[in-house]
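Please read the structure below before turning to the comments.
The values are calculated or read from the model by the stated rules, or taken from the named source; none is laboratory data. If you're wondering where the values come from, they're calculated on a predicted model, not measured in any experiment. Here Cβ is always computed from backbone atoms with ideal geometry, including for glycine, and neighbour counts include all displayed protein chains.
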Amino acid sequence: MHLPPAAPLSPPSPLPAQPGVQHTRVVTTQTPRPPIDEPSFGVEDEPDDGYHYPDFAAERQRSRRTTIVWLLVILMLALAVGFGGWWMGSGRFTAVPTTDGLDRGAAVTAIEAAGLSTEIRGQYSDTAALDTVLGTDPTGGSRISRDGTVALLVSLGRPTVPPLPAGGERAGIEQELRNRTFTPVDGGQAFSAKVPIGAVAALDPAPGTELATGSTVKLIVSKGAPPVDVPDVKGMSEAEARASLEAVGIVVQDVTTDFDRNVAAGDAIATSPKAGARVNAGTSVTLSVSNAVRIPSMLGRTVGSARDELSRLGLDVKVRSVTDTDRSFVISQNPGSGDLVKPGSTVTLVSLP
């Protein structure tokens with residue numbers, strides 16, 4: 001179907017002029033424009049207009065993960081706090097096992113089976129036999145740290161009076177008596193040549209005595225060495241003289257050798273201080289011992305044999321004879337047989353032929 005051609009546009013007629021107001025009219029003609037293609041938006045081709053729309057699905061997923069992480073953290077913290085409270089309250093404690101009726105080995109096994117360490121502690125007892133289990137410290141059933149130590153109390157039997165240490169130091173002896181359940185008390189004084197004044201010289205009852213627990217023991221304090229008289233040891237052998245002096249508490253500090261024509265070699269001559277002097281026990285003395293030589297009989301022996309014997313004794317020999325020979329026989333000597341002389345003295349021999 002054909003439409004009649006469009007009539008050309010004619011300019012509009014001018015409006016009649018109005019007095020006082022002037023209007024201007026602009027008339028434009030239609031300008032054809034090229035057709036505009038409608039954009040087709042696909043899933044992958046979105047218009048990039050500078051603004052990015054949020055991905056709400058990804059945001060929700062990230063939010064869920066964050067929530068789960070925080071819930072796990074809170075759960076772990078709650079577990080840690082709960083475990084810590086349990087541990088600080090009762091979890092770190094355990095009960096000490098009872099050892100009634102057990103022997104030493106079984107008691108140790110029971111304690112270690114509970115995860116506890118064991119130490120053996122002796123305790124004196126008047127009634128329980130040696131090595132009998134008396135109990136524990138802490139007592140059975142007590143609450144104790146799981147890494148704690150339990151002392152197993154084992155009987156030491158009845159206590160004995162301890163030995164006296166050298167020097168008799170009082171404080172140490174009193175402490176040892178208390179360690180054995182004894183009560184130390186004053187027992188007076190006594191002379192002692194070995195213990196200094198003020199130290200403990202003896203115990204009553206004596207060391208080694210078995211007593212009931214809690215018994216009293218007397219401490220006897222030294223008042224020094226007693227006065228003694230130096231004994232006369234002249235003519236005794238050196239060993240006998242030493243024994244006689246030590247019997248009264250006198251100590252031989254030094255030994256000298258001197259000559260005494262009345263005392264045989266090796267026997268005591270005297271002491272310094274002298275015999276009869278009063279000294280305190282423990283005093284030291286010097287003992288003098290004889291070095292005299294007893295002359296043996298040379299009569300009837302050959303000159304050579306007599307010379308050898310006397311030389312061995314440390315004596316000089318002078319021979320008077322008709323002939324100068326060692327085969328002649330001794331018929332006399334001076335000093336005589338049995339006399340005591342100084343070492344190095346001269347013995348004169350007379351011989352025939």
For the range 266-319, enumerate the residues that are exposed (fewer than 14 other Cβ atoms within 10 Å of the Cβ) and basic (Lys, Arg).
LYS274, ARG278, ARG294, ARG312, LYS318
Which residue, of VAL263, VAL285, is outside any loop (DSSP other than H, G, I, E, B) and β-branched (Val, Ile, Thr)?
VAL285
Answer residue from the range 228-255, given it is in a loop (DSSP other than H, G, I, E, B) and over 18 Å from ALA292 (Cβ atoms) and is modelled with the lowest pLDDT among those
GLY249
Taking the stated definitions as given, is VAL161 farther than 27 Å from PHE93 by Cα and in contact with a Pro (Cβ under 6 Å, 6 or more places away or on another chain)?
yes
Take GLU112 and tell me if it is in contact (Cβ under 8 Å) with a residue 12 or more places away in the chain, surrounded by fewer than 18 Cβ atoms within 10 Å (Cβ to Cβ) and part of a helix (DSSP H, G or I).
no
Testing GLY282 on (1) touching a residue at least 60 places away in the same chain (Cβ under 8 Å); (2) over 28 Å from ALA190 (Cβ atoms), one condition comes back false. Which one is that?
(2)
Within the range 119-160, track down each residue that is surrounded by fewer than 14 Cβ atoms within 10 Å (Cβ to Cβ) and among the aliphatic types (A, V, I, L, M).
ILE120, ALA129, LEU130
Looking at (1) within 14 Å of ILE220 (Cβ to Cβ); (2) part of a loop (DSSP other than H, G, I, E, B); (3) in contact with a helix residue (DSSP H, G or I) (Cβ under 9 Å, 6 or more places away or on another chain), which is the one condition that is false for GLY168?
(3)
Does the range 174-195 include one or more residues that are under 31 Å from the mean Cα position of the chain (by Cα), assigned to a strand (DSSP E or B), under 30 Å from THR99 (Cα atoms) and touching a residue at least 24 places away in the same chain (Cβ under 8 Å)?
no
I'd like to verify a number: residues in the range 196-207 that are assigned to a loop (DSSP other than H, G, I, E, B) and either more than 32 Å from the chain's Cα centre (by Cα) or closer than 14 Å to GLY167 by Cβ (or both), how many?
5
Consider the range 207-263. How many of its residues are closer than 23 Å to LYS194 by Cβ and of a type in the set (Asp, Glu)?
4
Residue satisfying all of: in the range 161-213; of a type in the set (A, V, I, L, M) and surrounded by fewer than 17 Cβ atoms within 10 Å (Cβ to Cβ); farthest from GLU246 (Cα to Cα) among these
ALA212
Here the residues within the range 330-353 that are surrounded by fewer than 16 Cβ atoms within 10 Å (Cβ to Cβ) and either assigned to a helix (DSSP H, G or I) or in contact with a helix residue (DSSP H, G or I) (Cβ under 8 Å, 6 or more places away or on another chain) (or both) are none
Looking at SER305, is it in a strand (DSSP E or B), without any contact (Cβ under 8 Å) to a residue 60 or more places away in the chain and of a type outside the set (Phe, Trp, Tyr)?
no
